[in-house]
Every structure is written in C-alpha cells, then in structure tokens.
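Notes follow once the structure below has been shown.
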Amino acid sequence: MYKRQLGLGLLSIALTSITFAKPVQQDTLLNQYNVTWDTPGPTSAQSMPLGNGDIGLNVWVEKNGDLVFYISKTDAWGGELKEQKDPWMQQGGVLMKLGAIHVSISPNPLAKSTTFKQILKLKNSEILVQEGEGKSAVKLRVWVDANHPVIRVEAQSGSPVSVNVKLDNWRAGVTDTILNNQQNQIAWYHHNSVTTDPHLANLTFGAIVKGKGLTSKDASTLQSGKVTSQLISIYPLTAVAGSGEQWLLKLKQQVAGIEKLGLEQTRAAHQQWWRQFWNRSHVFLNGDEQAKQVTQGYVLQRFVTACAGRGTGPIKFNGSIFVVDNPNWKHDGKPDPQNADFRAWGGQYWFQNTRAMYWPRLMAGDFDMMLPLFNMYAKILPGNAAQVKQFYNHGGAYFAETSPFWGGLQYMGPNEKPLYTNHYFTPILELSMMMLDYYEYTGDTKFAQQTLLPIATAGLQFFDQHFGRDSTGKLLLDPDNSIEMFWKVHNPAPDIAALHAVIRRMLQLPAALVDDKTKAQWQKLYNILPPLPVSDDKKLLLPYTGPQTAKSFNSENLELYAIYPFRLYGIGKSDLELAKNTFDARKQRSKGCWVQDPIQAAMLGEADVAKDYVSFALTRKAPDLKFPAFWASGNDYHPDEDNGGNGENGLQQMLLQTDGKKIILLPAWPAGWNADFKLNAPYNTTVEGKVLNGKLQNLKVTPASRMADVIDMSKK
C-alpha cells in the first residue's frame, strides 16, 4: 500500500483560416511569476512550498540567517491523536511532518549585512537564498529531486565558512526516535505501534541526513569544517516495518542506490522533468493588474499541486502537505495554539473537497497527478463492496463522503438518523464522471479496464439495487441526501443528474471494453431514471423532487450540479435558458473555497460572473501567511486547496470547453483580458493560441485533424 509511485514510471463551426502560433516564450512568461522576498521569515508562516510530488518542504529563513524547512510526505500517516480536542483529529490518521531541518552558516553572513534574497524559481522548482554580500556572501540552493526521494541543499560561499545542520523534532522521545551512534549522519523515525488502527500499524517514516565532509556533533547535529561549498542530502522513507531497525535497513539500501548517481546528472534530470511539466499547458493573462494577479494565482496553484500530487495518497484539501504552525488557532473560542502536525478536519478524505484539485488536472495535462486519487478509491472498492453486501444483501458499492484512505462504510438503512454525510451516496458517481473524462483525454484502455469500469459499474449497480421503484416504475431515490445540504429527501438533483450523465457515457464505451449484456443492463436502468426536479412553472431546476420544505444545513446550490460537474446543460445544449434562469436565481452566492459558481458561470457563458468569482478565488491569500498561493481557510484549513482548484477550473472553462468531439473556445471570455494559453482537450489533443482584444489568434491544434472540431466563440 505504501509503495511510492514517484520515480517508477509516472512519469460545430469549422475554422476556414488557420494562423499557426509562434512558440510562446514560456520561460520569460513563467519567470515573471517567480516569488521573491527580500526579508527573512521569521517563522513557518513566511515559508515557501517546494516538493517533488511526494516529499514536500515549507522553506523559510529565520532572522538570524538560518535556513529552515519542514519536511512532509504524502504517506507519513501517524496514528490518530486521541488526546486532541478536535474530534476530526481523532480519526483517519494524522498526516504528520517528518520534522524540521536547520542549516546555519558560521560566520553568519547577515551579521554585518542586510542583503538578503529568497527566490522560488518555478522553471526548475528550486529555492535560491542569498545572504550577505561580497566575499562574505553565501548562496543556498534547495530542491527536491523530481525523480528520486532525496532533498538537496547546496551551499556556496565566497570565503570559507562552517556549515551546521540540525534536526528539530518536537516529537522526539515521545512518539519519535532519534538514533544514537550514527556515524556522520542524522537518522530518525516515527513508528506506529501495533496497537494503533490496523491500517496504520507498523507504518514507519523518517529520514537520514548526511553530506560529504559533515561529521556528527551529536545525534541531532552535523558540522562541517571550513568550506566554500557543501552538499547536504536528506533521504526520507515511509515503509511498513516491524521495527526501527528494519526501517533503517530499507532506507540505507535506498540511500545507497541514489548515491551511485551523480549530483549534476540528477539535477539535470530534475530540471528536465519540470521543463516537460511546464510544457504540458499554460495560461498567462494580461490586460490589467487583476489579470496579472489571477495568473500568479493560477501558476502558483498548479505548482503547489505538482509539489504534492505524485505520491502514495491524494492531495489533502485542508492544507495539502504544506500546513504550518498555527499559534492563533482557537478551540471553542479559546486559544489553542497548534504545531504543523495539526489540520482542521483531520486526516480523512472528503470527496466533495478533494475533487476540486483534480478536475483542472485534465485541461492542464497533469494526468499523472490524477492517479493517486483513482488508485486510492480503487483499493477502497473491494472492502466497501463487501460491506454493502453485508449491510444490504445486494451488490455494488459506494464511497463515503468522508473516509480515511483505507475506506469503509457505516450502515445507512432508511431508519438511520439524518446527518450531513449519512445517506450520501454521490461520490462514486462523480468519480466515475471524472474517470470517464480521464479515459477520454488519454485513451488509456488499461485504466478503463482495471479502474474505471470496476468503479463505475459498482456505483451503477448500487443505485440500481439499493433503491426501490415508484408507482410508475421509475427509480426512487429515497431516502437520499442532496449532498450535505438537504437530508433524507426524495430524488435529489445531484444523484439524478449524475446517473443520467454517467450512464449516457458508459453506453458509449467501445465494444472492446464493454459487452452487449452489460450495456443492456445499463440501458434498462437508464430507461427508468426519474427526470431532474423542476419548479411547477418549468422555469427553474430544483435541488430535490417534491415540496421544497426540507431544512438546509449547508451552503451549496445543488440544483446546479446538472450544469457542473455533470454537464447536462451548457453552451450548445438544449434548455440553456432553464439552466441560466436557475443559476441567476441561486440562493447561495458566497465566493472562494468549495464554491463551484466560477465553473458553472463559465459553462453558461456568463463571462463577467466567471471573471468575478475566478478573480476572487485566485487572489484570496491567507492574511497570516506570506506565500501568495497559500489560500485563506474559508470553510476548510489553510492553505485551502479547494479554493485554488476551483479557481484553476473556472479559468480553464472560460477559455475552453468540450462536449464530445467539440472544442469550444472562448465560451465565457471577459472584455479587458488578453491571454496566451495552451490547454489539453479529449482525444490526446492540445490547443494553443492567443486572445487579443476578445479575438482568438495564432491558433494551433494538435493533432491538426482536430481543427475541424473547433468552435471559435469569439467570431460570434
């Protein structure tokens, strides 16, 4: 379960005239969004993120010149914290930091100089720090190898200095062990006991720190002699191990393999990985200051996702692997300072929040980053199917809205009490929709056979067999939550929209994937689906069928799920006016966080509304954090990944939408913004171009045969 994925191969109006794009000067455009600071820290609140998809760092410099970084990992799951006041921290495991590293230079280059720079270089995913000037200047380069599990710190000085490396582990002696008698290296680990949850038992994570010329000062400290250059390497590992000794043996073998590779060779390969990443897609806006800020938010959110998106587990919506200390946290209105192991809403995965970071990966072309999400749910499926059989004596499966990474369900019969996530069965349908898109974009038949079909088939079987039929023979979804907002209602709109959308697409899968008998079963279910709930005058979609008397418990526009994510309504589709009327009449109009309005507005062609919501989301920095894409908590916990994901998605949909083979360009583009863009579309297609004064220019579609499927909305 904990085998790392990283480093194991992750790696219709036809246009009559075509103007092919000149190559966009992407490096020049990207470099504009490097993040540069000219004052040090002093705390983790002033940190920059860095990572290789599995290992993450929060990097800052203290006022005394010490380089400091927290180390995180996507699979560093500690046992539940029973002593925590927050009940969510008592379930699902705790995605912990491995610890912190302090790098000190002596003599201190800031002792006699205020010259300081800290720069996040996006192109190569590295942080450069310069302290001091002249011969006393020290330069530090920090990067996390994109292809191997190792963190590098390279120090260069104009004159000989001593480099001190110290581990800061606030759990040492409590739950963590710092190993003694390690010759010229630091080694430490956290080991989950056999008495914790069986899914977490014996999980062990930690790291080794070493570097040529570094000698042990004590178990937590290494010291160099007088040098002008020093390489520090940190090698993290998570593994299931019966003891710390077993874990250390595995890590030493891993370290030996990496040490056989040359530093220059691995750095070049690291930089090449990031070059191909940035070449997958881009969106750069210009026109006003807001356009620049929105671009910054889009670029940095995509970077943060890439830093955490290729590990064992999916990205956590509540902070990813970049949570920091929270000295201002309160519990029940009283001060309750928290360290960087804490996150509100705990370790469980909430599908409705997790999805937000993954939908925009499609147009971005970041398909490798979707696999941890899909793989987690594929592993959960058999156990959940067995519980469905046990609880209800029928087939199929569903995924709980909130669950740990190992899944699991609670009995939710018709008489169980109503609650936010009780009788909430939608996630498996939306995940199926996303997987259908992934297959459509990539054409990956192995994925379709091994992941998409088992999950989607189980979901459809569950809805078919779990629910009864009404007096006319139609499927009757009752009791069934309409997401978290309306509990135990009749025929909720999200599930009905999902069933219509998913079954339609499943029926279109090629015969090589699905036999006629299976399709006949899906068609039979499709034929008895109830219609979407609408108002008596047929002018508005409703969140569930029947009198609208249910008490609301959240803040979503559930009737709009038929627009997004299930795309039954939109530009070029029937009943667009009904969808627009419903959107305009929506009751919930808050912005940021999990709000889907920017995406839904774009899909209806509401350019100004989409611009407003996207601009809010992609500029909504947490006021107490310095990094411009560490988003405010909203309803989650900072840095809030929902906020950035929905902002990305909305901006993409403003530029490009697809419907089957159709590629619709500039469906919701606002006045005053220009753009350079490259986005992905289904059927292994990329679309590049410029927007200038509202018009599409320099269009390039690859493969060129797909040009016939393009609809240019800027011509209307």
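Listing for the model above:
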item	result
Under 12 Å, Cβ to Cβ, from residue 169 - net charge with Lys/Arg +1 and Asp/Glu -1	0
Hits among aspartates and glutamates - C-alpha to C-alpha of residue 250 under 17 Å, sequence gap 8 or more where chains match	75, 259
Helix-only mean residue ellipticity at 222 nm for the chain, each DSSP H run of n ≥ 4 adding -39500 (n - 2.57), per residue, nearest 500	-8500 deg cm²/dmol
Qualifying aspartates and glutamates (Cα of each under 17 Å from Cα of residue 166; at least 8 residues distant if same chain)	62, 66, 154, 176, 218
Percent of beta bridges antiparallel (DSSP, the chain, rounded to nearest 5)	95 percent
Spin-label model distance (nm) - residue 292 vs residue 659, 7 Å beyond Cα toward Cβ	3.8 nm
Positive-end residue of 406, 703, 313, charge dipole of the chain with Cβ unit charges	703
The range 59-213 - Rg and Dmax from Cα coordinates, angstrom	18.3, 57
Rounded to the nearest 20 debye, dipole of the range 245-287 from Cβ charges on Lys, Arg, Asp, Glu	120 debye
Given 117/334; 292/690; 73/611; 488/661; 82/316; 621/662, the pairs whose alpha carbons are separated by over 26 Å	117/334; 73/611; 488/661; 621/662
Segment residue 539-residue 390, length gained on full extension (0.36 nm per residue, minus Cα span)	49.3 nm
Under 13 Å, Cβ to Cβ, from residue 659 - net charge with Lys/Arg +1 and Asp/Glu -1	+3
Rounded to the nearest 20 debye, dipole of the chain from Cβ charges on Lys, Arg, Asp, Glu	1380 debye
Two-site FRET efficiency, residue 258 against residue 199, from Cβ-Cβ distance with R₀ of 22 Å, rounded to 0.05	0.15
Packing rank of 35-43, 320-328, where each peptide gets the mean count of other beta carbons within 10 Å, highest leading	320-328, 35-43
Against the rule of thumb 2.2 N^0.38 Å, how large the Cα Rg of the range 397-537 comes out	1.07
Between the range 556-581 and the range 527-554, the alpha-carbon center distance in angstrom	14 Å
Mean separation of Cα contacts under 8 Å (6+ apart) over length of the range 199-261, as relative contact order %	39 percent
FRET efficiency for residue 411 and residue 587, using Cβ-Cβ distance with R0 set to 22 Å, rounded to 0.05	0.10
Highest to lowest packing among 273-281, 484-492, 367-375, 169-177, scored as the average C-beta count within 10 Å	484-492, 367-375, 273-281, 169-177
Contour minus Cα-Cα distance for residue 243 and residue 82 (0.36 nm per residue)	55.7 nm
Label-point separation, residue 36 to residue 112 (7 Å along Cα→Cβ), nm	2.7 nm
Net charge over other residues, Cβ less than 11 angstrom from the Cβ of residue 708 (K, R count +1; D, E count -1)	+2
For the range 248-392: relative contact order, % (alpha-carbon pairs under 8 angstrom, 6 or more apart)	21 percent
Full-extension gain in nm, residue 624 to residue 269, via 0.36 nm per residue minus C-alpha separation	124.2 nm
60, 329, reordered so the largest accessible area comes first (probe 1.4 Å)	329, 60
Taking the range 200-334 and dividing mean pair separation by its residue count, relative contact order in percent (alpha carbons under 8 Å, at least six apart)	16 percent
Hull volume in cubic angstrom per residue (convex hull over the Cα atoms of the chain)	165 Å³
Entries of 379/517; 63/226; 97/389; 417/446; 446/474 with Cα pairs more than 32 Å apart	97/389; 417/446; 446/474
FRET efficiency estimate (nearest 0.05) - Cβ-Cβ, residue 576 to residue 231, R0 51 angstrom	0.25
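The values are calculated or read from the model by the stated rules, or taken from the named source; none is laboratory data. Note that this is a predicted model, so its numbers are computed, not measured. Note that each Cβ is placed from the backbone with ideal geometry, even for glycine, and that neighbours are counted across all protein chains shown. The area values use the complete protein model at the heavy-atom level, side chains included, leaving out ligands, DNA and RNA. Shrake-Rupley method; radii C 1.70, N 1.55, O 1.52, S 1.80 Å.
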